[in-house]
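Below is one structure, written out as structure tokens; the observations come after it.
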Amino acid sequence: MGASYEETMTVPIAAPDVGQRAFEVLRNLQGAAGSIATTQPGVLSASFKATWRSWGEKITVHIDQASDGTVVRIRSACAFPLQVFDWGVNRGNVQRIRAGLEPPARSEGSRS
């Protein structure tokens, strides 16, 4: 099995909104090849083209509603199953998606 990286996070946003946000983040990532597919409810899949560092990656984002927000599992895996080293590409993909899904930080001067 090829190299991969996965993280799980919980965001205090409704699942449909997280799904839309995840779609936008995937669409804006550098190197996106082809389309972003919803293979089943709550699962987004995207493929990324080969670069000088890898033979491409497959990214999946699983979105599940929870009592305290939405649980998101982000996984990036090398497209070539025998690729053992990814030189941090998969971790970088996951971290960029995670950063795009994080709720905006509230400024200390704002009051509700």
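The values are calculated or read from the model by the stated rules, or taken from the named source; none is laboratory data. These numbers come from a predicted model, not from an experiment. Methodologically, a virtual Cβ is constructed for each residue, glycine included, from the backbone with ideal geometry; neighbour enumeration extends over all protein chains shown. Please note that ligands, DNA and RNA were not included when accessible areas were found on the heavy atoms of the full protein model with its side chains. Shrake-Rupley method; radii C 1.70, N 1.55, O 1.52, S 1.80 Å.
Some notes on this structure:
- Summed side-chain charge close to Glu7 - residues other than Glu7 whose Cβ falls under 10 Å, Lys, Arg +1, Asp, Glu -1: +3
- For the chain, a crude dipole built from +1 on the beta carbon of Lys and Arg and -1 on the beta carbon of Asp and Glu, taken about the Cα centre, is about 260 debye to the nearest 20.
- For the stretch 1-70, the Kirkwood hydrodynamic radius comes to 13.2 Å, computed from all pairs of different C-alpha atoms.
- Within the accessible area of the chain (1.4 Å probe), percent carbon and sulfur: 54
- Relative contact order (percent, whole number), the stretch 7-46, Cα cutoff 8 Å, 6+ residue spacing: 28
- Computed helical MRE - 222 nm, the chain, DSSP H runs ≥ 4 contributing -39500 (n - 2.57), nearest 500: -7500 deg cm²/dmol
- Residue-normalised accessible area of the chain, given per residue in Å² at a 1.4 Å probe: 63
- For the stretch 1-87, the relative contact order comes to 40 percent (Cα pairs under 8 Å, sequence separation of at least 6).
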